[in-house]
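Everything below concerns the one structure shown next.
The values are calculated or read from the model by the stated rules, or taken from the named source; none is laboratory data. If you're wondering where the values come from, they're calculated on a predicted model, not measured in any experiment. Glycine also receives a Cβ, built like all others from the backbone with ideal geometry; neighbour counts cover every protein chain displayed. Just so you know, the surface numbers come from the protein's heavy atoms only, side chains and all, with ligands and any DNA or RNA stripped out. Shrake-Rupley method; radii C 1.70, N 1.55, O 1.52, S 1.80 Å.
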Amino acid sequence: MIHSVSHSSLTQSRECSSLLSKMGSVSLKIGDGTARFRRATVCSSGVNILMIFSVITTNLFALYAFSSSTKDLHNHHLLHKNFSLISEQVTLILREIDLSQKKLAQMEKELLGYQSIDLSRTNTSNELKLFLHRHRLPLGKDSKTGITEMVSSVGHSCDKSSDLLYQYMNYKVSEPCPNDLSVAQKLVLKGCEPLPRRRCFSKTISKVGLLRPFPTSLWEPPVNNTVNWSGSGCKSFECLKGKKLSRDCVDCFDLVNGYENQRFVKSRSKNDFLVDDVLTLGGGGIRIGLDVGGGSGSFGAVMAERNVTVVTTTLNVGAPFSEFIAARGLFPLFLSLDHRFPFYDNVF
C-alpha cells in the first residue's frame with residue numbers, strides 16, 4: 001500500500017518546523033509516517049536558569065568554605081602556638097615557685113640554726129647533739145599547728161662561735177652547772193641567742209632575810225652576798241661605785257650619794273624629758289613600759305613610785321645588772337638587741 005501525503009499537509013509541516021527551529025531544538029522522527037516535535041517550553045528555560053544559578057551558588061559556597069577553612073586553620077595554629085607559650089610560662093612560674101619554696105625552707109633552717117651547726121666534729125658534746133636532734137611529738141600530729149616533731153630553738157649565729165658553744169654544752173646532766181656565766185655572756189653578745197637549754201642545775205643563792213622590803217628596796221643597795229659575782233672583775237657593789245660601765249651607766253650602782261636617784265626627775269639640760277611630764281602627756285593611760293638597756297634599773301624605780309610597771313632589758317656585762325635590778329624589786333629581762341621583744345603588739 002502506498003501512502004500519499006497531500007501538498008497542503010507538507011506545507012503546514014514545514015512551517016511548523018521552521019517556527020520551532022526559531023524557538024529551540026527540533027526532533028523529527030519518521031517511522032510511522034508521522035512527524036513528532038519536542039518543543040522547548042518556558043518551564044525548560046527556567047530549569048536551565050536554575051541550574052546555572054545552582055552552579056554559580058555552589059562555586060561561591062566552595063570558594064567561601066575554602067577560604068574560611070584556611071582562616072580557621074591559621075587561627076587554630078595561632079591558638080595552639082599561644083597555648084604552648086602559656087603552658088611554658090605556667091611551667092616556668094610553677095618551677096620558680098617550687099625553687100622559692102625550697103629556698104625559703106633552707107633559709108628557715110639556717111635561721112633556726114639547727115642544720116648549720118657542724119655536729120661531726122670530735123669535740124662536739126653529746127648534749128648538744130641530743131638538743132639539736134628532732135624529737136617526735138609523743139601524741140602524734142598536733143591538731144592546731146599540724147607539726148609532727150619538735151625542733152629545738154637555737155640562734156642561727158651559734159655556728160660562728162662553735163668552740164664556745166661546744167664548751168657551753170659540755171656539762172654533766174642533773175648536776176650543778178659549771179661556773180661558766182662568762183661563756184654564756186660571750187655567746188649572747190656574738191648573736192648566739194637563744195642559748196641551748198641545759199639539763200643542769202644553776203647555782204642558787206639564798207636571799208632569805210637579806211632583801212629589803214618594797215618600796216624601801218628601790219633606793220637602798222642590796223647586800224653583796226645576794227648576787228653571783230661570777231664573770232665580774234668586782235666582787236662587791238662598793239667596787240662598782242665610781243666606775244663607767246657604759247655610756248648610760250656611770251656610777252649607776254651608787255643609789256645613795258650619786259646622781260642615780262635624781263635621774264628622770266631633775267633635768268640637766270633643756271632637752272631632758274622628765275617622768276612627770278611624760279606621764280602627763282599620757283593622760284593617765286600609761287600602765288606598762290619597756291626600758292631597753294636600762295643599766296641598774298633607776299628608770300623602772302622612778303616609774304614604780306608612780307604605779308607604772310617597767311620591764312628593764314639588760315646584759316650582765318662587767319656587773320650583775322639583772323640580779324641588782326631584781327633585788328630592787330623591779331623586773332629584769334636578760335635580752336640582747338638582736339632578740340625580738342617577747343611582748344604582744346599594742347601592750348605598750
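How many residues does the range 103-127 hold that are open to solvent by 100 Å² or more (accessible area, probe 1.4 Å), within 15 Å of the chain's Cα centre (by Cα) and modelled with pLDDT of 70 or more?
Adding up the residues that qualify gives 3.
How do the pairs read when you match residues in the range 179-191 that are under 13 Å from residue 202 (Cβ atoms) with residues anywhere that are assigned to a loop (DSSP other than H, G, I, E, B) and modelled with pLDDT under 85, using Cβ under 6 Å and keeping only pairs 6 or more apart or on different chains?
Once the first residue is under 13 Å from residue 202 (Cβ atoms) and sits in the range 179-191, its partners that are assigned to a loop (DSSP other than H, G, I, E, B) and modelled with pLDDT under 85 give 179/230; 181/230; 181/231.
When residues of the range 221-234 are filtered for being among the β-branched types (Val, Ile, Thr) and in a loop (DSSP other than H, G, I, E, B), how many remain?
So in the range 221-234, the residues among the β-branched types (Val, Ile, Thr) come out as 223, 226-227.
Next, only the ones that are in a loop (DSSP other than H, G, I, E, B) stay: 223, 227.
Final tally of qualifying residues: 2.
Would you please list the contacts, defined by Cβ atoms under 9 Å and residues six or more apart or on different chains, that run from a residue in the range 153-175 that is closer than 16 Å to residue 127 by Cβ and of a type in the set (Asp, Glu) to a residue that is open to solvent by 20 Å² or more (accessible area, probe 1.4 Å) and not in a loop (DSSP other than H, G, I, E, B)?
175/201
What number of residues within the range 289-320 are in contact (Cβ under 8 Å) with a residue 40 or more places away in the chain and open to solvent by 10 Å² or more (accessible area, probe 1.4 Å)? Lay out the reasoning, then the answer.
Going residue by residue through the range 289-320, those that are in contact (Cβ under 8 Å) with a residue 40 or more places away in the chain are 289-290, 292-293, 295-296, 298, 301, 304-305, 315-320.
Subset that is open to solvent by 10 Å² or more (accessible area, probe 1.4 Å): 289-290, 292-293, 295, 304-305, 315-318.
Residues in the range 289-320 being in contact (Cβ under 8 Å) with a residue 40 or more places away in the chain and open to solvent by 10 Å² or more (accessible area, probe 1.4 Å): 11 in total.
Looking at 160, 141 in this structure, which one is of a type in the set (Lys, Arg), surrounded by 13 or more Cβ atoms within 10 Å (Cβ to Cβ) and more than 25 Å from residue 227 (Cα to Cα)?
Values: 141 fails: surrounded by 13 or more Cβ atoms within 10 Å (Cβ to Cβ).
Among 160, 141, only 160 is of a type in the set (Lys, Arg), surrounded by 13 or more Cβ atoms within 10 Å (Cβ to Cβ) and more than 25 Å from residue 227 (Cα to Cα).
Filter the range 198-207 for residues that are open to solvent by 60 Å² or more (accessible area, probe 1.4 Å) and out of contact with any strand residue (DSSP E or B) (no Cβ under 7 Å at 6 or more places or on another chain); which is nearest to residue 262 (Cα to Cα)?
First pass over the range 198-207, keeping only residues open to solvent by 60 Å² or more (accessible area, probe 1.4 Å): 199, 201-204, 206-207.
When the remaining residues are screened for being out of contact with any strand residue (DSSP E or B) (no Cβ under 7 Å at 6 or more places or on another chain), the result is 199, 202, 204, 206-207.
Numbers: 199: 43, 202: 36, 204: 33, 206: 31, 207: 28 Å.
Among those that are open to solvent by 60 Å² or more (accessible area, probe 1.4 Å) and out of contact with any strand residue (DSSP E or B) (no Cβ under 7 Å at 6 or more places or on another chain), it is 207.
Being open to solvent by 60 Å² or more (accessible area, probe 1.4 Å) and touching a Lys or Arg at 6+ places or on another chain (Cβ under 8 Å) is the filter here, so list the residues in the range 241-252 that pass it.
The answer is 250, and nothing else.
Since residue 244 meets every condition but one in (1) in contact with a strand residue (DSSP E or B) (Cβ under 7 Å, 6 or more places away or on another chain); (2) modelled with pLDDT of 85 or more, which condition does it not meet?
(2) is the only condition that residue 244 fails.
Given the structure, is residue 150 modelled with pLDDT of 90 or more, within 43 Å of the chain's Cα centre (by Cα) and not hydroxyl-bearing (Ser, Thr, Tyr)?
Details: modelled with pLDDT of 90 or more: no; within 43 Å of the chain's Cα centre (by Cα): yes; not hydroxyl-bearing (Ser, Thr, Tyr): yes.
Here the answer is no, as residue 150 does not meet what is asked.
Just to be sure I understand, how many residues within the range 208-220 are within 25 Å of residue 307 (Cβ to Cβ), in a loop (DSSP other than H, G, I, E, B) and either open to solvent by 80 Å² or more (accessible area, probe 1.4 Å) or touching a residue at least 60 places away in the same chain (Cβ under 8 Å) (or both)?
Going through the range 208-220 one residue at a time, the tally reaches 6.
Just to be sure I understand the filter: pairs with C-beta atoms under 9 Å, separated by 6 or more residues or on different chains, first member in the range 331-348 and over 23 Å from residue 157 (Cα atoms) and free of Cβ contacts under 8 Å to residues at least 60 places away in the same chain, second member open to solvent by less than 80 Å² (accessible area, probe 1.4 Å) and of a type in the set (Asp, Glu). Which pairs pass?
As it stands, the answer is 332/323, since those pairs meet every condition given.
Do we have any residue at all in the range 224-240 that's open to solvent by 60 Å² or more (accessible area, probe 1.4 Å) and of a type in the set (S, T, N, Q)?
yes
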